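What follows is a short report on a single structure.
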Amino acid sequence: EDQVTQSPEALRLQEGESSSLNCSYTVSGLRGLFWYRQDPGKGPEFLFTLYSAGEEKEKERLKATLTKKESFLHITAPKPEDSATYLCAVEIRGETSGSRLTFGEGTQLTVNP
Amino acid sequence: DTGVSQDPRHKITKRGQNVTFRCDPISEHNRLYWYRQTLGQGPEFLTYFQNEAQLEKSRLLSDRFSAERPKGSFSTLEIQRTEQGDSAMYLCASSKTRDSAGEQYFGPGTRLTVT
């Protein structure tokens, strides 16, 4: 069965304290791995797409990396405005046609000033 | 702003009533998705459309749920005979092409409370 597991569930950091979030996956036929950010009461916001092991993407203080079994979202010198829930999703083959996204449960990040 | 819009933003209904939600995707996006999200969980896939064709539907979706996208533009999600377990945030998303299917743009969601 396809599974996406994120850890930790919650993470508290001080401003400037770098850390990493983990997304491990067990899927057959990975088509892509995606990171999203979700603020309270809002829909998820797309951040990154990763397709193959060894690939890296960067945006401001965030860097996403991918291996054959997991992805990391590295946060360098975070600021309070980086506080949000970070969701990982994998694109897998659908049951009938096309594809679908399966999301992990997310990591709730809080950055204290 | 030309993002994904959803209506209503909040809906409170009594158990057993029917509810309908609307989603207007980004205009040039031909793929439209519906998800359900409960507190502390990631979005759970319900169904998706490419243009007006419904191409994928989750096995978890009971026959009380139905979705349409009649002209390939806006979409509606109807829940019949609502149950308390249907209380959740219902999210709509759109994407431009098959190649960027994972790059989805989400609306603000409709929060459903079934009393």
>> Output wanted: per-residue J couplings in Hz (rounded whole) for the stretch A:51-62, from phi through Karplus 6.51 cos²θ - 1.76 cosθ + 1.60, θ = phi - 60°, x for Gly and Pro.
In response: 10, 9, 4, x, 6, 9, 9, 10, 7, 6, 8, 10
> Using all Cα-Cα distances in the stretch B:8-115, what percent lands in each 5 angstrom bin from 0 up to the longest?
Replying inline: 2, 13, 24, 26, 19, 10, 4, 1, 0
> Considering only chain A, what is the antiparallel percent among its DSSP beta bridges, to the nearest 5?
Replying inline: 90
> In a shell of Cβ-Cβ distance under 15 Å around B:Val114, excluding B:Val114 itself, what net charge do Lys and Arg (+1) and Asp and Glu (-1) give?
Replying inline: +4
>> Just to be sure I understand the curve: with the Debye formula and one point per C-alpha of chain A, what is log10 I(q)/I(0) at q = 0.10 Å⁻¹?
In response: -0.28
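Provide B:Lys14, A:Lys42 in ascending order of the number of other Cβ atoms located within 10 Å of each residue's Cβ, fewest first. Before the final figure, lay out the partial values.
Values: B:Lys14 8, A:Lys42 15.
Sorted ascending by nearby Cβ count, the order is B:Lys14, A:Lys42.
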> Taking neighbour counts of Cβ atoms within 10 Å as a proxy for exposure, in what order, fewest first, do A:Thr67, B:Thr2, A:Thr85 appear?
Replying inline: B:Thr2, A:Thr67, A:Thr85
> Any idea what the alpha-carbon Rg over 2.2 N^0.38 Å comes to for the protein assembly as shown?
Replying inline: 1.01
>> I want to make sure I understand the PRE zone here: with the label point 7 angstrom from the Cα of B:Ser66 toward its beta carbon, which residues in the stretch B:73-115 have backbone N atoms less than 12 Å away?
In response: B:77-81
> What's the local net charge at A:Leu62, with K and R +1, D and E -1, over the other residues with C-beta under 10 Å away?
Replying inline: +2
>> Below 8 Å between Cα atoms, with a sequence gap of 6+, how large is the relative contact order for chain B in percent?
In response: 37
> Arranged by the count of other C-beta atoms within 10 angstrom, fewest first, what order do A:Leu30, B:Leu60 take?
Replying inline: B:Leu60, A:Leu30
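Quick note: the coordinates plus some simple rules give every number you see, no bench work behind them. All values derive from a computational prediction rather than experimental measurement. Note that each Cβ is placed from the backbone with ideal geometry, even for glycine, and that neighbours are counted across all protein chains shown.
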